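These notes are about the structure you will find just below.
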Amino acid sequence: MDWDVPSDSTVENGSGADISRRMMYCYGAEYGTDAIPNNDCVLANQRYGAFAYYDGYRIPFGYPGDSIRTLRGAFTCLNSDWVLPTGHIVASQLYKKLIGLTIYQPWQSTHPEMEDSLYQNLSMVTVIGQYNLSATDTLTFVNILATEYDDGLLGLQTMIDKARSWIGRRPYIFTWPGIMDCCNKPGDANNNNAVNIGDIAYIINYLYKGGPTPPCLRKADANGDCQIDMLDCIRILKYLYCAGSAPICPTGCL
């Protein structure tokens with residue numbers, strides 16, 4: 001991301017990180033209160049652009065190991081080093097940087113000859129991790145992109161907190177803190193938004209006939225015992241035809 005936050009002089013930016021919010025940000029360069037007229041009355045260093053990581057998960061979603069809860073790292077870099085020489089970021093160069101990145105790394109001058117070690121033309125890069133995927137796997141991530149016009153870092157932090165609160169109230173977020181979840185209709189093994197005999201057939205086909213993996217493994221675990229077997233079929237069958245207990249989502253599985 002190249003935020004290009006407006007500054008007193010072109011789009012020179014500084015950067016920082018808020019690890020508790022899993023956030024990296026850039027802010028505008030202020031060389032003095034409108035020392036160089038920029039046609040507005042907002043202090044450039046009160047303007048921010050930010051990336052904050054919320055959560056992620058693997059589909060098919062099974063148990064907590066499929067939840068991607070943290071951002072591995074992020075850094076801001078000089079466009080003159082990373083982008084301008086070729087007109088774009090070079091994949092091999094980026095890979096070498098990201099393979100060992102496990103921290104938030106705001107911009108710090110590595111060029112002593114530069115006149116300014118705080119503000120430069122920067123890009124921001126974030127990395128969530130390395131994953132081995134099967135042919136049918138999908139990784140889904142929820143990120144927050146935010147800008148603050150004139151209320152500085154405090155305004156940005158408040159905005160990020162409100163965004164997290166809003167996401168947390170959405171129905172597809174599970175009750176475990178910070179874990180995205182697909183189990184919005186327990187027992188719906190074939191993921192067609194209904195619980196019926198077709199889900200029993202789907203589980204049996206998966207268990208004994210080499211059928212496809214349930215799109216959301218947790219939905220198929222209808223009795224919530226952290227495994228998928230015939231007991232889940234019995235739970236759904238009793239629920240549908242014998243006034244039995246409704247299917248539930250598993251909790252606390254390892």
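Okay, residues lined up against (1) at pLDDT 95 or above; (2) in contact with a Ser or Thr (Cβ under 6 Å, 6 or more places away or on another chain):
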residue: GLN46; (1), (2): no, no
residue: TYR57; (1), (2): no, yes
residue: PRO60; (1), (2): no, yes
residue: ALA74; (1), (2): yes, yes
residue: ILE103; (1), (2): no, no
residue: PRO106; (1), (2): no, yes
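Using the structure shown, decide if GLY252 is at pLDDT 90 or above, closer than 26 Å to LEU139 by Cβ, under 34 Å from the mean Cα position of the chain (by Cα) and open to solvent by less than 70 Å² (accessible area, probe 1.4 Å).
no
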Fill in the blank from the handout: Given the conditions (1) in contact with a helix residue (DSSP H, G or I) (Cβ under 8 Å, 6 or more places away or on another chain); (2) in contact (Cβ under 8 Å) with a residue 12 or more places away in the chain; (3) not in a helix (DSSP H, G or I), every one holds for ASN192 apart from (2)
Fill in the blank from the handout: Expected output for the stretch 223-251 (first residue without any contact (Cβ under 8 Å) to a residue 40 or more places away in the chain and closer than 21 Å to GLY211 by Cβ, partner of a type in the set (Lys, Arg) and open to solvent by less than 70 Å² (accessible area, probe 1.4 Å), Cβ below 8 Å, 6+ apart or cross-chain) is ASN223/ARG235
Practice task
For the stretch 29-38, state whether one or more residues are open to solvent by 60 Å² or more (accessible area, probe 1.4 Å), part of a loop (DSSP other than H, G, I, E, B), at pLDDT 90 or above and more than 21 Å from ASN143 (Cβ to Cβ).
Solution key: no
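Just give me the residues in the stretch 196-237 being of a type in the set (Lys, Arg) and crowded, with 22+ Cβ neighbours inside 10 Å, in sequence order.
The answer is ARG218, LYS219, ARG235.
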Practice task
Evaluate the stretch 17-24: report whether one residue or more is modelled with pLDDT of 95 or more, of a type outside the set (A, V, I, L, M) and either open to solvent by less than 10 Å² (accessible area, probe 1.4 Å) or in contact with a helix residue (DSSP H, G or I) (Cβ under 7 Å, 6 or more places away or on another chain) (or both).
Solution key: yes
Handout entry: Of all residues making up the stretch 176-195, the number that are at pLDDT 90 or above, buried (at least 18 other Cβ atoms within 10 Å of the Cβ) and not acidic (Asp, Glu)
Key = 5
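Restricting to the stretch 76-90, give me the number of residues that are exposed (fewer than 11 other Cβ atoms within 10 Å of the Cβ) and either of a type in the set (Ser, Thr, Tyr) or at pLDDT 95 or above (or both). I'd like the intermediate steps shown before the answer.
Step one: of the stretch 76-90, the residues exposed (fewer than 11 other Cβ atoms within 10 Å of the Cβ) are 86-88.
Filter once more, keeping what is either of a type in the set (Ser, Thr, Tyr) or at pLDDT 95 or above (or both): 86.
Of the residues in that region, 1 qualify.
With the requirement that a residue be of a type in the set (Val, Ile, Thr) and assigned to a loop (DSSP other than H, G, I, E, B), what does the stretch 197-227 give you?
THR213
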Practice task
Would you check if ILE234 is at pLDDT 90 or above, part of a loop (DSSP other than H, G, I, E, B), out of contact with any helix residue (DSSP H, G or I) (no Cβ under 8 Å at 6 or more places or on another chain) and on the phi < 0 side of the Ramachandran plot?
Solution key: no
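The values are calculated or read from the model by the stated rules, or taken from the named source; none is laboratory data. Remember, predicted model here, so these are calculated numbers, not experimental data. Virtual Cβ from ideal backbone geometry, glycine too; neighbours counted across all protein chains shown. Ligands, DNA and RNA are stripped out before the accessible areas are found, and what is left, the full protein with its side chains, is counted by its heavy atoms. Shrake-Rupley method; radii C 1.70, N 1.55, O 1.52, S 1.80 Å.
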